[in-house]
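Structure record follows, encoded as structure tokens.
The values are calculated or read from the model by the stated rules, or taken from the named source; none is laboratory data. A quick note: this is a predicted structure, and the numbers were derived from the prediction, not measured. FYI the Cβ positions are ideal-geometry reconstructions off the backbone, even for glycines, and counts take in every protein chain you see.
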Amino acid sequence: MKERIRNFFYPRTYIYKYELSIEEVRSVISEVFSKKVTAFTSNDMSGYFENFDVFVISTSTPVFFQGFKNSPTCIGEIRKKGEYQTEIATLVETDFWLKCAFFIFLIFLLLSSIINLVKGNISSFLLSLALSFIMPFLTLGLQEMSSAAIRNRYLNYIHKKLMAAAALNIV
């Protein structure tokens, strides 16, 4: 449990290594980002380069879900390790509103527990005490699912193409 809470506030960095030059890695990623995202395509992520060696990936959601975004973003940093060795360090950042929801649930439900205890309403006290433990864990679970989804987009769309490009260079 401690690991889940630590990953919620301090996400883990994943490092992927490729036998490609930094220019080849950049061109493959640019090719993935150039594909148009529509409702009927398989590409359900979008991304852009912030500068030469940092890119950002986010999932694309249908129009009717655009009001409240709770999806994290994946930030990738391209590092040159040699002439034909490049690594990409990816970090999935939790959405700010999900962190706020975690604390709002925790504070509100603990205050509700205290108020119900003072009033002597034991059943409401126990219910709000139980919810004060359950609701923050639900936000942790939502964060883990959305982080896994964005990490999966990186692996499916970018990592596969980079591995295929590296295999073509070796032959």
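Below is a table of values for the structure above.
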{"read-out": "In region 88-98, the residues that are modelled with pLDDT of 85 or more, of a type outside the set (Ser, Thr, Tyr) and within 18 Å of residue 145 (Cβ to Cβ)", "value": "91, 92, 93"}
{"read-out": "Unmet criterion (only one of (1) in a helix (DSSP H, G or I); (2) surrounded by 18 or more Cβ atoms within 10 Å (Cβ to Cβ); (3) in contact with a strand residue (DSSP E or B) (Cβ under 8 Å, 6 or more places away or on another chain)) for residue 163", "value": "(2)"}
{"read-out": "Some residue of region 82-92 being free of Cβ contacts under 8 Å to residues at least 60 places away in the same chain, surrounded by 14 or more Cβ atoms within 10 Å (Cβ to Cβ) and either out of contact with any Gly (no Cβ under 7 Å at 6 or more places or on another chain) or assigned to a helix (DSSP H, G or I) (or both)", "value": "no"}
{"read-out": "Identity of the residue in region 34-55, touching a helix residue (DSSP H, G or I) at 6+ places or on another chain (Cβ under 9 Å) and modelled with pLDDT of 85 or more, that ends up nearest to residue 145 (Cα to Cα)", "value": "47"}
{"read-out": "Complete set of residues in region 14-36 that are over 14 Å from residue 55 (Cβ atoms) and exposed (fewer than 12 other Cβ atoms within 10 Å of the Cβ)", "value": "15, 23, 36"}
